[in-house]
Amino acid sequence: MQVDTSKWSGEGAFTQVLLDRLLELGSIASVRVEDAPASRSEADYNFVSNEVFVTFASSERREPVRRFGFLPGSRTVLEKAMTIRALEAALTAIPDVGSPDYADEGMLQYLRTERIVPPYQTRGYKVVELVRVYEVRTALTS
């Protein structure tokens, strides 16, 4: 599996947990993590937004076809090892990831909050982390 974190600052504890769990799944070919432009920080909260782009592993198979209705032939078809719905089910079964807060055909979205109280301050701050997981689409038929 290829992992690209060059465009990620490393912020976000849940993003790191999610990345670790994605590395354990065998049906993923590559993962790219990026900081989203929505990240911001104020005095009493930090909003961290990350995007995770997943490419599923695929396998080739030959499929018989008829050209012009009578000429026999074959074509190569790429079949994905997993879909975004199957990824949702796999991540939901993992206790420290759980079910996404929003899911559709091309994206999973997780929203996590954490209160941080440093020992040298009387007042803490809140970390709000938004992680979106997208499927990178590839050509399925050649």
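The values are calculated or read from the model by the stated rules, or taken from the named source; none is laboratory data. On a predicted model such as this, the values are computed, not experimentally measured, just so you know. Here Cβ is always computed from backbone atoms with ideal geometry, including for glycine, and neighbour counts include all displayed protein chains. Keep in mind that these areas ignore ligands, DNA and RNA; they rest on the heavy atoms of the full protein, side chains included. Shrake-Rupley method; radii C 1.70, N 1.55, O 1.52, S 1.80 Å.
Split the accessible area of the chain by element, probe 1.4 Å, and carbon with sulfur accounts for 51%. Against the chain, whose longest principal axis comes from its Cα atoms, helix 13-24 is set at around 30 degrees.
Ranking Gln2, Val97, Ala81 by how far each Cα lies toward the positive end of the dipole of the chain (charges on Cβ) leaves Ala81 at the top. Taken over the range 24-123, the convex hull of the Cα atoms encloses 158 Å³ per residue.
Per residue, the accessible area of the range 63-110 comes to 59 Å² when a 1.4 Å probe rolls over the protein heavy atoms.
Taking DSSP loops as anything outside H, G, I, E and B, show the longest stretch in the chain free of chymotrypsin sites (Phe, Trp or Tyr not before Pro) there with at most 16 other beta carbons within 10 Å.
1-67
Computed over every Cα-Cα pair of the range 15-69 and binned at 5 Å starting from 0, the pair-distance distribution P(r) comes out as 4, 13, 17, 14, 11, 9, 8, 7, 5, 5, 2, 2, 1, 1 percent. The spacing between the range 80-126 and the range 1-41, judged by their C-alpha centroids, is 12 Å. A 1.4 Å probe, protein heavy atoms only, puts the accessible area of Leu23 near 80 Å².
Highest mobility in the GNM of the chain, judged by mean-square fluctuation with C-alpha springs under 10 Å and restricted to Ser30, Ser59, Ser74, is found for Ser74. Comparing mean-square fluctuations of Ala89, Ala38, Ala57 from a GNM of the chain with C-alpha springs under 10 Å, the top value falls on Ala38. Taking every DSSP bridge with both residues inside the chain, close to 70 percent are antiparallel. The magnitude of the dipole of the chain, with charges of +1 and -1 set on the Cβ of Lys/Arg and Asp/Glu and taken from the Cα centre, is near 580 debye.
The GluC sites (Glu not before Pro) of the range 33-76 that DSSP puts in a loop, and whose beta carbon has at most 13 other beta carbons within 10 Å, are Glu42. Each of the trypsin sites (Lys or Arg not before Pro) that DSSP puts in a loop and that has at most 12 other Cβ atoms within 10 Å breaks the chain; the longest unbroken stretch is 1-122.
Restricting to DSSP H runs of at least four residues, report the calculated mean residue ellipticity at 222 nm for the chain, -39500 (n - 2.57) per run over all residues, nearest 500 deg cm²/dmol.
Values: 2 runs with 21 residues, N = 142.
That comes out to -4500 deg cm²/dmol.
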